[in-house]
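Following: one structure in structure tokens, then a few remarks.
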Amino acid sequence: MRAWAVVENDAPLKEIELPTPEPTGTEVLLETTYCGVCHSDLHIWEGRYDLGGGKVMSLKDRGVVLPLAMGHEIVGRVVKLGPEATGVKVGDIRIVYPWVGCGKCAQCLSDNDNMCLNGRSLGVYQNGGYGTHVVAPHPRHLVDLGTLDPAIAATYACSGITVYSAIRKVLPLPADEPIVLVGAGGLGLNAIAILRALNHENIVMVDTSAEKRAGALKAGASKAVDGSGEGVAARIIEACGGPVLAVIDLVNGTGSARAAFEALRKGGKLVQVGLFGGELTLPLPLMPIKALTVQGSYVGSVTDLRELVALAQSGAVPALPVTTIPQSQANEALMRLRDGRVNGRIVLKAEAA
Ligand SMILES: [Zn+2]
Ligand SMILES: [Zn+2]
């Protein structure tokens, strides 16, 4: 197999030749057909996250080994089954759930693989969709996309379920209760689409860019709030008609997290999704007095993926703009993402597609 791999952090991806994996046990070998280019690929490529206060989390220390074919938004065609793999056949096209774990613990066995303490995520800890082939550990990690456009369905494996899982954490709420979204990038537009599909009506988008705010309103947000400068929390509260029960912070930087937290009312919940980086200082007495929740949300479960695919198959989720680029130009795609030259999502299209 070939892969467009990270050989060295911060250096261009290199095309390398690797032995094509032989599926054993319950494993399934697939030929990559499509793979989304995710913003977190940039962090993996750089090899670090900013934890605020001058602290940095190194991905090497977290067990990421190079060379690595990144790519966790994978659609592929089944080419070979391990002797114990059942439920799929050669030629089937499937979304590959990438957030796999050890496969043995209680979390993994209850379809909460993304909460496993020994994560082995595809495209992070094992080779992913920037390669011509990929191994799914078990057929239950493969989700039938039906008649969905595979380039769009690929993005459900990360950007889709990340948003879906975060939304699940603030629901149920009455349809007219404001849900505040911070960040009108790809995830934010996705969140609007999914909230609308779930019949939620009151969606308030916060973003620093006037252009992105306009885009959010066009995509179905009820109101848009300027997230730049001072007074962001006050503007959120004003737009919502009072302090809020639910904020999903898709940016999650020092400034956005503080504004989101300050906008919460009694019983409010801040769900943190973004990986922008920084830190949040919590005024401790307010946590119990206001019975607040600050909860991180990491991608989603394979159940989330199945539910989201079913929702999309019902036609309720409008398709996001996707640009396809040949898989062999993975490095160019990554650089376009780094430089912000992306409208919607870039999806690599493999020769096998
Ligand atoms: Zn991702
Ligand atoms: Zn596990």
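Structure notes:
- Elements of type strands (runs of 3 or more DSSP E) in region 198-273, at least 3 residues being under 22 Å from the mean Cα position of the chain (by Cα) and free of Cβ contacts under 8 Å to residues at least 60 places away in the same chain: 203-207
- Verdict on residue 159 being within 16 Å of ligand 1 (Cβ to nearest atom) and surrounded by fewer than 23 Cβ atoms within 10 Å (Cβ to Cβ): no
- Residues of region 1-42 that turn out to be crowded, with 17+ Cβ neighbours inside 10 Å and not in a strand (DSSP E or B), as a count: 9
- Cβ-Cβ distances below 9 Å connect the following pairs, each with a first residue in region 299-322 that is touching a residue at least 12 places away in the same chain (Cβ under 8 Å), a second residue that is of a type in the set (Asp, Glu) and part of a loop (DSSP other than H, G, I, E, B), and a separation of six or more residues or different chains: 301/111; 302/111; 303/111; 306/111; 319/149; 322/149.
- Lone unmet requirement of (1) farther than 30 Å from residue 16 by Cβ; (2) among the β-branched types (Val, Ile, Thr); (3) within 16 Å of ligand 2 (Cβ to nearest atom) for residue 124: (1)
- Any chance residue 41 is within 16 Å of ligand 1 (Cβ to nearest atom) and either under 24 Å from the mean Cα position of the chain (by Cα) or basic (Lys, Arg) (or both): yes
- Filter pass, residue 130 being in contact (Cβ under 8 Å) with a residue 12 or more places away in the chain, closer than 22 Å to residue 16 by Cα and surrounded by fewer than 24 Cβ atoms within 10 Å (Cβ to Cβ): no
- Unmet criterion (only one of (1) surrounded by fewer than 24 Cβ atoms within 10 Å (Cβ to Cβ); (2) under 23 Å from residue 253 (Cβ atoms)) for residue 207: (1)
- Restricting the first member to region 50-72 and to residues that are more than 23 Å from residue 329 (Cβ to Cβ), and the second to residues that are among the acidic types (Asp, Glu) and loosely packed, with under 14 Cβ neighbours inside 10 Å, the beta-carbon pairs closer than 8 Å and six or more apart or on different chains are 51/279; 52/279; 53/279.
- Flag for residue 146 being away from ligand 1 (no atom under 16 Å from the Cβ), out of contact with any Lys or Arg (no Cβ under 8 Å at 6 or more places or on another chain) and either assigned to a loop (DSSP other than H, G, I, E, B) or at pLDDT below 95 (or both): yes
- Each residue in region 96-113 was checked for being within 10 Å of ligand 2 (Cβ to nearest atom) and touching a residue at least 24 places away in the same chain (Cβ under 8 Å), and 4 of them qualify.
- Residue check for residue 7: away from ligand 2 (no atom under 16 Å from the Cβ) and within 16 Å of residue 144 (Cα to Cα): no
- Unmet criterion (only one of (1) more than 13 Å from ligand 1 (Cβ to nearest atom); (2) among the small types (Gly, Ala, Ser); (3) farther than 15 Å from residue 95 by Cα; (4) not in a loop (DSSP other than H, G, I, E, B)) for residue 153: (3)
- Checked against the criterion of being closer than 27 Å to residue 144 by Cα, in contact with a strand residue (DSSP E or B) (Cβ under 7 Å, 6 or more places away or on another chain) and among the hydroxyl-bearing types (Ser, Thr, Tyr), the candidates 293, 303, 323 yield just one match: 323.
- Checked against the criterion of being of a type outside the set (Val, Ile, Thr), over 19 Å from residue 129 (Cβ atoms) and in contact (Cβ under 8 Å) with a residue 60 or more places away in the chain, region 330-347 has no qualifying residue.
- Residues in region 180-195 that are in contact (Cβ under 8 Å) with a residue 60 or more places away in the chain and in a helix (DSSP H, G or I) were compared, and the one that is surrounded by the fewest Cβ atoms within 10 Å (Cβ to Cβ) is 193.
The values are calculated or read from the model by the stated rules, or taken from the named source; none is laboratory data. Small disclaimer: the values here were computed from a predicted structure and weren't measured. As a convention, Cβ positions derive from the backbone with ideal geometry for all residues, glycine included, and neighbour counts pool all protein chains shown.
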